[in-house]
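**Student:** So that we are looking at the same thing, I have put the structure below in structure tokens.
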Amino acid sequence: MKNYALKLLFLLIAFQGFGQKYANNAVSAAHPLATDAGALMYQQGGNAYDAAVAAAFALAVVEPSMSGLGGRLQAIYQTSEGLTRGIDASTEVPSNYKSTQEKYSEGYETIGIPGVVRGLEKLHAGNGVLPWKTLLEPAINYAKNGYEILPGEAARQAAAKSSIEKYPGTKQNFLTPNNQTYTAGSRVVQKDLARTLEVIARRGADGFYTGKMARTIAKDMKKNNHILSYQDLKNYQALDLKVLEGTFRGHTIKSLYLPSYGAITLQILQIADHFTPPTNNTEWTNQLGHASEIGYQHRAFQQIPDSLAS
């Protein structure tokens, strides 16, 4: 049986990929500048972990509607010894959260404890070979000196304009002086984000989760009646995540357990593995639809980890 461990460090491809190839390596990310950041790590003697972390930090600058320091991360990777490992750096609900609280679709009330920075640090530790600060240099450069916004990013920001206008922070960073969203081709400079990244480059993830930056975040949360606290940030840890294994058409497929949807994906594939090969695309689509419905129904029976993801 062939063994296909998923070797993507985490999902860097969204909608379309921009790739570069090297002798034994490849970089593909959702933005060409993020691809360039990963490629630069290879050029400087780095490995796939260095490239992935550099690309992720770059995406936090150049693709803010899809990526960011305040988000979550899950990673699956294969070690040099051939072992498959997983990392869970999901956003988590604050410690004072009550399940009876009113639910919101946007705003301060929707903010969880961010996991990206801790997750990227964990991914790099023991795996990467370049200094941590080197990985953030491309992202800092893009934020400090500017980058051209792509059509897709411009469209997403335009679609969210009514939400962006509601909050001082988003309004300051994502609207022009004329109170309009940036159009494709506009050059965007983010000095504050550059300074944030410089602190993370110097102090590691602790620069984000402890000290002045974390206190500033907690103060802003409290000012806006949100329960995320300094202790929530300080106590946050990225965790090892259980790796699951399934089969599909003679191949071994590996994915991640909750809060990833890997278990559901594996169940869908293994149900589909029992189907009679379809004679047309419509039949195959219908079969996958039924398998997906069953997979998602069974999510309720899967054990939920102790730390509740937001």
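The values are calculated or read from the model by the stated rules, or taken from the named source; none is laboratory data. Note that the coordinates shown come from a computational prediction; the quantities given were computed from them, not determined experimentally. As a convention, Cβ positions derive from the backbone with ideal geometry for all residues, glycine included, and neighbour counts pool all protein chains shown.
**Student:** Just for the range 54-75: of the residues that are part of a helix (DSSP H, G or I) and touching a residue at least 60 places away in the same chain (Cβ under 8 Å), which one is farthest from residue 131 (Cα to Cα)?
**Tutor:** 62
**Student:** Provide a single number: the residues in the range 136-157 that are farther than 16 Å from residue 190 by Cα and more than 20 Å from the chain's Cα centre (by Cα).
**Tutor:** Total satisfying the criteria: 2.
**Student:** Among the helices (runs of 4 or more DSSP H) lying completely within the range 133-204, list those that include at least 2 residues that are farther than 30 Å from residue 46 by Cβ.
**Tutor:** Qualifying helices (runs of 4 or more DSSP H): 151-159, 161-164, 168-174.
**Student:** Filter the range 83-101 for residues that are surrounded by 21 or more Cβ atoms within 10 Å (Cβ to Cβ) and part of a loop (DSSP other than H, G, I, E, B) and give the result.
**Tutor:** 90
**Student:** Oh, and also: Looking at the structure I just gave you, is residue 169 within 20 Å of residue 59 (Cα to Cα), surrounded by 17 or more Cβ atoms within 10 Å (Cβ to Cβ) and either free of Cβ contacts under 8 Å to residues at least 12 places away in the same chain or not assigned by TED's automatic domain parsing to the domain that holds residue 139 (or both)?
**Tutor:** No: the conditions fail for residue 169.
**Student:** Another question, then. Considering only residues of the range 224-274 that are over 17 Å from residue 70 (Cβ atoms) and basic (Lys, Arg), which is surrounded by the fewest Cβ atoms within 10 Å (Cβ to Cβ)?
**Tutor:** Per the criteria, the residue is 249.
**Student:** Do we find a residue being buried (at least 16 other Cβ atoms within 10 Å of the Cβ), modelled with pLDDT of 95 or more, of a type outside the set (Asp, Glu) and over 20 Å from residue 148 (Cβ atoms) anywhere in the range 26-41?
**Tutor:** yes
**Student:** Residue by residue through the range 109-132, note down the ones that are in a strand (DSSP E or B) and either without any contact (Cβ under 8 Å) to a residue 24 or more places away in the chain or closer than 13 Å to residue 60 by Cα (or both).
**Tutor:** Result: no residue meets the conditions.
**Student:** Can you tell me which of 271, 253, 264, 294 is assigned to a helix (DSSP H, G or I), at pLDDT 85 or above, under 18 Å from residue 74 (Cβ atoms) and not assigned by TED's automatic domain parsing to the domain that holds residue 84?
**Tutor:** Only one candidate qualifies: 264.
Matching residues to (1) in a strand (DSSP E or B); (2) without any contact (Cβ under 8 Å) to a residue 12 or more places away in the chain:
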position	(1), (2)
28	yes, no
42	no, no
46	no, no
52	no, no
77	yes, no
81	no, yes
103	no, yes
